[in-house]
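Below: one structure, written as structure tokens.
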Amino acid sequence: MKSHMLISIFVAGLLLVTGCTKDFDEINTNPNSSQQVDQPQLLLPAILKNSVRNYFYSSTTRGNIVGDYYANQYVSGFDNAWAPSEVQGYFLWDNFSQLRDVENLLVLSRKKQLQNFEGVGLVIKAWLFQVMTDIYGDIPFKEATGAKVNGVFLPVFDTQEDVYYGMLDMLKTANTLLTNGKDGLSGDIMLENKPLRWRMFANSLRLRLLMRISGKSNLKINVGTEINAIISDPVQFPIFTSHENQAAFTFLNDVGFEIPGFNDAPLNDIHLSVTMEKYLKALNDPRIGYYASPTPAGIRDGKKVFAGVPNGIAAGAEAVYNGGRDFQSSVSPALLPLASFPQASRTAAQGLLMTYAEVQFILAEARERGLISSGDAATYYANGIKDQFAYLAERIAGKFDYPKAADITPADSYYTQTGVAYTGTPAEKLNKIRIQKWFALFNNGFEGWSEWRRTGVPADIKTGPNSAITVWPRRARYPISEQRLNQQHYQEAVSRQGADDMLTRIWWDK
């Protein structure tokens, strides 16, 4: 109750900025916000609540589309929903407003010599930057929150390569601070005020970053050496050990603290994608009952029917596709608003920043590719699949008439079928790891999109016949405000990275 009260008091003062460089000082000197608070524990709950809710909503409504988990008639053509005017809110450029408050947390923590709070702040900072750079490529980084401290209102765009090295250094520093810190944490409404859990998040996030750049040559670091150092010393570098200690934000039944979108209008325009339908049905994967809702039309051969819609379909064609909306699957029961589903749950879904399953798939790939020399790829792979099933079953237990936990629990034969069993050539094994990882990144859709860009898996993600572009997007465009107000540095980034359009590949995607 105390943490809820703290959130209520301080959330009201946290401004969600609608422009990155709309007076870049506004991002750092909000007179109504966190700079007026002199205790880190009073800043932390609002930072966590705002940043995770913002990420959850964007990942559900846009990340799941670009990851091709869902299809949405309003993003099908990509010409409107990917326009610069929309990018800011939907594609998380407004993370800079959260970073302003994180910077205030860091300043206070250093001033008061609170190492644990500083470590937490660095982990959050690295995560927020990681989300943004993987969407856009080059972004303001070193100078991004410098208006208050050094009067930098129009920050330089750093190369994505430099952003990655900076984030990796941040996470190493955070692990050290959280190891040595003597100050007790409070106000941590996500990871239970436990420094160890933040260390697990920091080192697990390092694994994500290292795997993402593992295909690049001429790096300043050796990816295999870095990953080996982490997994060979779990005391110094702890990582997630199950879904019980992964980085997940639990929403509440309290009004205003439930899953974002719970009180929205009926959800009629987002559907299961045909790509997701195809891959789940090919494996007879029961998670389809969590990822999507059965079609309203009912049951076929004694089983609930699930049917997807292709991305890139025109709005008029979407309305009649496969016989119309009675024959199309809507989104997960755990994500439906009350207006769409009488049994809608305020708490079934969590805000997932990073999961144990993702870590296991990272290690499975690293072992299969020879990046690491310890552990067993098949074991890592199986751990990732089984834990994700267990996690989903726990989240829905007792919440719905359908699905129940038993409905999404696989039979033993699931693991022995050709498409799942860890057999085949090295290339076939890698493909299986990446498909299962894509499944597990559902509702962490921006990460699923990043993995597709990195690996090309699933291989048949593509635009539909009515799409405004013929190639699936590789990045989002910068906001119009950035082009207008930070023009010099914007132009420098574009001349270096490539045209500011959806098909330009970012650094690790080249």
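Could you work out how much longer the chain between D264 and K194 gets when fully extended? Use 0.36 nm per residue separation minus the Cα distance between them, nm to one decimal.
Contour length minus the Cα-Cα distance gives 21.8 nm.
Round to the nearest 10 and give me the degree value, 0 to 90, for the angle of helix 95-111's Cα axis relative to the longest principal axis of the chain.
Long axis of 95-111 versus the principal axis of the chain: about 40 degrees.
Place a point 7 Å from Cα of E394 in the direction of its Cβ. Which residues in the stretch 237-271 have their backbone N less than 18 Å from it?
239-252
What shape does the stretch 133-279 have by the C-alpha gyration tensor, where a ≥ b ≥ c are the square roots of the eigenvalues, rounded means a/c under 1.5, and otherwise prolate means a/b greater than b/c and oblate the rest?
rounded
If you wrap a convex hull around the Cα atoms of the chain, how much volume per residue is inside, in Å³?
Spread over its residues, the Cα hull of the chain gives 140 Å³ apiece.
Can you give the calculated 222 nm mean residue ellipticity of the chain, where each DSSP H run of n ≥ 4 adds -39,500 (n - 2.57) and the sum is split over every residue, rounded to the nearest 500 deg cm²/dmol?
Value at 222 nm, helices only: -14000 deg cm²/dmol.
Sticking with the crude label model, points 7 Å out along Cα→Cβ, report the distance from R110 to E244 in nm, one decimal please.
3.8
How high is the FRET efficiency between A314 and T423 when r is their beta carbon distance and R₀ equals 41 Å, given to the nearest 0.05?
0.45
Quickly rank 44-55, 254-265, 341-352 as a protection proxy: mean count of other C-beta atoms within 10 Å, highest first.
The packing order, highest mean first, is 44-55, 341-352, 254-265.
Stretch D301-K142 to full length: gain in nm at 0.36 nm per residue minus the Cα-Cα span?
Working: separation 159, 0.36 × 159 = 57.24 nm, distance 5.90 nm.
Net length gain for the segment: 51.3 nm.
Among E277, E428, which comes first, then next, by fewest other beta-carbon atoms within 10 Å?
Going from least to most buried by this count: E428, E277.
Tell me, S481, S109, S232 in order of fewest to most beta-carbon neighbours within 10 Å?
Listing S481, S109, S232 from fewest to most nearby Cβ atoms yields S232, S481, S109.
Can you return the aspartates and glutamates within cross-link range of K304? Criterion is Cα-Cα under 20 Å, with same-chain partners fewer than 8 residues away left out.
E277, D285, D326, D401, D407
Which one, Y415, I396, A382, projects farthest toward the positive side of the charge dipole computed for the stretch 366-444 from Cβ point charges (K/R +1, D/E -1)?
The one lying farthest along the dipole's positive direction is A382.
Using only alpha carbon pairs under 8 Å that are at least six residues apart, calculate the relative contact order of the chain and give it in whole percent. Display every interim value, and only then the final one.
Values: 906 pairs, mean separation 108.3, N = 510.
Reported as a whole number, the value is 21 percent.
What does the extension gain come out to for S232 and S495, with contour length at 0.36 nm per residue minus their alpha carbon separation?
90.5 nm
Please quote Rg/Rh for the stretch 410-485 to two decimal places, taking the Kirkwood radius as Rh and restricting both calculations to Cα atoms. Provide the component values of the computation, followed by the final result.
On the way: Rg = 17.1 Å, Rh = 15.1 Å.
Using Cα coordinates only, the ratio equals 1.13.
No value in this document is a laboratory result; all are computed from the given coordinates. For clarity, every value in this text was computed on a predicted model and none was experimentally measured. Reconstructed Cβ throughout: ideal geometry from the backbone, glycine too, with neighbour counts over all protein chains shown.
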